Amino acid sequence: MKKKYIVIFARIPNTTNWQDGMIQRELAIDNICKDIPRIYIEKVVDINFLKYPRQWIKTAFNLKNEPPSLINTANVKIYYTILKKQLHKLLKDADKIYIHSLYHLGYIPEEFINKYKEKIILDIHGCVVEEIKYNKEHEKLISKYEILEKNFYKINSLVAVSNSMIDFYCKKYPNIQTNFITLPVFTKLKNEYNVKHFEKRFNILYSGGAQKWQNVDLMVDSISKIADKYNITILTPAVDIFKDKLKKYNLDNKVTVKTVPASEIYKEYEKSHLGYILRDDIIVNKVACPTKLVEYLSCGIIPIVLQPSIGDFETLGYSYILNEDLINGKLPSIEKLEEMHRNNFKVIEELDKIQQQGKETLLKILQ
């Protein structure tokens, strides 16, 4: 009897990329199937298309300087690079093939997708085509990924981060019969509700980077209008970027900007009452499940939003404050704010139930 194993296509999690949201999800999925032997593959190459195959292979397989993998290698084999002819045998003998994102689906030769479609589980992660259009980068690749998405009709299962993501793809590709699994992955920072008291001059937080979708300029403009009323802290790896932006508003001495280790983020969240998460009303945000928003709600931080349609949170009934109302001083009473805080913890408990159900469903397919 052949040994059971899963082939997983993913970026290999390591000590330099572990904070990336996609990598965090990969590690969470790996934890679900940790008792099953896994073979990780990062890149697939067809030697027939290489101009200097010997030199390339020598370079590609000399990986002594790679950062150490964060995957528990006791039950795992890792291929940072694999040749197409080697891949065929691995896929043939695999029980399941788990692919992280449409990007990695694009690494697999089309004939292998068609041949092994019944084994394939694709973790969608996000709306790749729509993300490229929104960021206006690599637009030449749009048609490539639009073609790849047509494989959604073929493959065994699609794993989505939210029900709204499933709804989106069902409308985009009518009559799709593929098995969908809703699986948001996150760690609750708190397992029980504790009252958070609001005072007249309370604390407002932003936790995150300076990427386009974070609407950083809009947030700094908002902060400039309320900085005299509240204590404001920005937790970010992009300290210099934020300090430069704050200087333009003469806010560098009124706002705390710093980077803290992951072990200390919880302490900062515990002190905070409101938290910025300004996402535009676009499909990329409507289908998402931002880790930041989960962390805010589970720690009693009421989100400050540009608009409320973020993932499944609106459907689940989360409480929020509109950025416009914050700027105009139209905040609820202290009693109402504390009620919103309690409600948001219930939302996280409901989301956690969805997560646990998704994990169980996925594990049954993989075993």
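Just a few scattered comments:
- Length-normalised contact order for segment 172-274 - Cα pairs under 8 Å, 6+ apart - percent: 32 percent
- Long-range HN-HN contacts of Tyr79 with modeled amide H, under 5 Å: Tyr40, Ile41, Glu42
- Debye-formula intensities of the chain, expressed as log10 I(q)/I(0) at q = 0.09, 0.12, 0.14 Å⁻¹, are -0.58, -0.98, -1.23 (one equal scatterer per alpha-carbon, no solvent).
- Sorting the segments 288-296, 77-85 by their residues' average number of neighbouring beta-carbon atoms within 10 angstrom, most packed first, yields 288-296, 77-85.
- Dipole of segment 188-309, positive end: most advanced residue of Leu306, Asn203, Tyr266 [Cβ charges, Cα centre]: Asn203
- Karplus-derived HN-Hα couplings along segment 353-367 (A = 6.51, B = -1.76, C = 1.60, θ = phi - 60°), whole Hz, x at Gly and Pro: 5, 4, 4, 5, 5, x, 4, 5, 5, 5, 4, 4, 5, 6, 6
- Euclidean distance of C-alpha centroids, segment 261-291 and segment 185-244, integer Å: 8 Å
- Summed over qualifying helices (DSSP H, 4 residues or more, each -39500 (n - 2.57)) and divided by its residue number, the chain shows a 222 nm mean residue ellipticity of -12000 deg cm²/dmol.
- Computed from Cα atoms, the angle from the helix 262-271 axis to the main principal axis of the chain rounds to 30 degrees.
- Column: log10 I(q)/I(0), Debye, Cα scatterers of segment 1-40, q = 0.17, 0.27 Å⁻¹: -0.47, -0.95
- Between the alpha-carbon centres of segment 130-180 and segment 294-337 there is a gap of 29 Å.
- The label-point distance for His197 and Glu137, in a model that sets each label 7 Å from Cα toward Cβ, rounds to 4.6 nm.
- Exceedance of the 30 Å cut-off in Cα-Cα distance is limited, within the set Lys133/Lys154; Lys286/Lys359; Lys85/Lys286; Lys133/Lys225; Lys171/Lys330, to Lys85/Lys286; Lys133/Lys225; Lys171/Lys330.
Laboratory data are not the source of any read-out in this text; all were calculated from the coordinates shown. If you're wondering where the values come from, they're calculated on a predicted model, not measured in any experiment. Note that we place each Cβ from the backbone using ideal geometry, even for glycine, and neighbour counts take in every protein chain shown.
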